[in-house]
Amino acid sequence: QVQLVESGGGLVQAGGSLRLSCAASGSIFSLDNMGWYRQAPGKQRELVARITNLGSTNYADSVKGRFTISRDTAKNTVYLQMSSLKPEDTAVYYCFADKTVRSWGQGTQVTVSS
């Protein structure tokens, strides 16, 4: 089983930046995809960014050019660098990791004020 612990959320003004971190522990050998979803109040959870174990990435159209996902395999950690934040980026951000099943973090709140 994989345990995921997120950190780095908070309150930021529009145009600002935040970096989210997600550290994996437990059965972390041969993790496949890792990444981030988000869920705003009253909305469905949506994929924000994903990175494979080979380093390939993909992003939601709404965050392309503003967010960057990266992965430190040695530290078993995935990062989400968020820049030029907008109020519509406000959501709970959830980290995930895929192995035989998908594991989820507990979520971290990101609030962007206008």
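Some notes on this structure:
- Residue, farthest from Leu4 (Cα to Cα), within the range 34-44, restricted to residues that are in a strand (DSSP E or B) and open to solvent by 20 Å² or more (accessible area, probe 1.4 Å): Gln39
- All of (1) open to solvent by 80 Å² or more (accessible area, probe 1.4 Å); (2) in a loop (DSSP other than H, G, I, E, B) hold for Gly16 with one exception: (1).
- Residue tally, condition open to solvent by 40 Å² or more (accessible area, probe 1.4 Å) and within 14 Å of the chain's Cα centre (by Cα), over the range 65-75: 4
- Leu31 being of a type in the set (A, V, I, L, M, F, W, C), open to solvent by less than 20 Å² (accessible area, probe 1.4 Å) and modelled with pLDDT under 95: yes
- Meets criteria (of a type in the set (Asp, Glu), touching a strand residue (DSSP E or B) at 6+ places or on another chain (Cβ under 8 Å) and surrounded by fewer than 18 Cβ atoms within 10 Å (Cβ to Cβ)) for Asp61: no
- Condition met for Arg71 (charged (D, E, K, R) and more than 18 Å from Gln106 (Cα to Cα)): yes
- Of the strands (runs of 3 or more DSSP E) lying entirely inside the range 45-114, those carrying at least 2 residues that are free of Cβ contacts under 8 Å to residues at least 40 places away in the same chain and more than 18 Å from Leu11 (Cβ to Cβ) are 46-51, 57-59, 67-72.
The values are calculated or read from the model by the stated rules, or taken from the named source; none is laboratory data. Everything quoted here is computed from the prediction, not taken from an experiment. No Cβ is skipped: glycine too gets one built from the backbone with ideal geometry, and neighbour counts run over all protein chains shown. Ligands, DNA and RNA are excluded from the accessible area calculation, which covers all protein heavy atoms including side chains. Shrake-Rupley method; radii C 1.70, N 1.55, O 1.52, S 1.80 Å.
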